[in-house]
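Report on the following structure.
Readers should treat all values here as calculations from the given coordinates under stated rules, not as data from a laboratory. Nothing here was measured: the structure is a model prediction, and the numbers come from that model. Neighbour counts are summed over all protein chains in view; Cβ atoms, including those assigned to glycine, are modelled from backbone coordinates with ideal geometry.
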Amino acid sequence: MPRPARARRLRVAAFVAAVAGVAAAHLLAAPASAEPVKLLKPEQYASRVVAPRKGRVLLVNFWATWCEPCREEMPALAAAAKKFPSRDLAVVLVSLDSTRTGPAAVPKFLASAKVPFVCWLVKARDPQDFIDAVDKSWDGSLPYTLLYDRTGAPAVKLTGGQTQKSFEEAIRKVVAGR
């Protein structure tokens with residue numbers, strides 16, 4: 001028969017093992033999630049996305065979880081961005097998912113794809129208001145990528161799905177100031 005101190009240690013060890021087992025099962029069952037997306041109104045785009053990143057080249061990728069080409073190009077974007085130091089390049093994602101499904105779907109996708117970028121979720125009654133706030137020449141098709149120079153001025157527009165090479169070439173062009 002175990003002594004009281006030993007019996008207590010065994011109970012504590014069993015409790016710790018049970019808690020650790022439950023925690024491990026929970027971690028395995030629940031996918032890791034990215035940071036929550038923040039809502040972005042049309043009138044906030046310039047002040048919240050572009051202005052704070054002046055001094056670096058800014059790449060803004062407009063996408064949605066329901067857009068197959070958007071999801072397909074995300075690994076290429078992440079790989080291309082890794083080729084440039086953070087002092088030269090900032091990358092921001094702006095999701096056009098609905099405000100009803102986006103708060104859950106966007107972080108889930110970003111976590112599963114291991115996408116490391118800050119992501120905003122558009123909040124607009126009329127999507128055209130947001131499109132016009134970003135770029136009046138944009139027809140709203142996705143994916144759409146804008147690169148801004150170090151002063152915050154639009155420099156390059158990429159429409160449709162991109163490759164790692166096309167992202168790198170566009171970034172290199174803006175970083176070099178051409």
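Region 114-178 and region 63-101 have Cα centres lying 10 Å from one another. What is the sum of charges, Lys and Arg at +1 and Asp and Glu at -1, for the other residues whose Cβ falls under 11 Å from the Cβ of residue 56? Neighbourhood net charge equals +2. Looking at region 38-175 alone, DSSP beta bridges between its own residues are antiparallel in about 40 percent of cases.
Given 41/114; 82/136; 41/136; 82/114; 83/165, which pairs have Cα atoms separated by over 20 Å?
On the way: 41/114 26 Å; 82/136 30 Å; 41/136 16 Å; 82/114 13 Å; 83/165 11 Å.
Beyond 20 Å: 41/114; 82/136.
Near residue 156, the amide H atoms lying under 5 Å from its own belong to 147; only residues 5 or more places off or on other chains count, and H is placed 1.01 Å from N. One quarter of the convex hull surface built on the alpha carbon atoms of region 113-178 amounts to 5.6 nm², the projected area averaged over directions.
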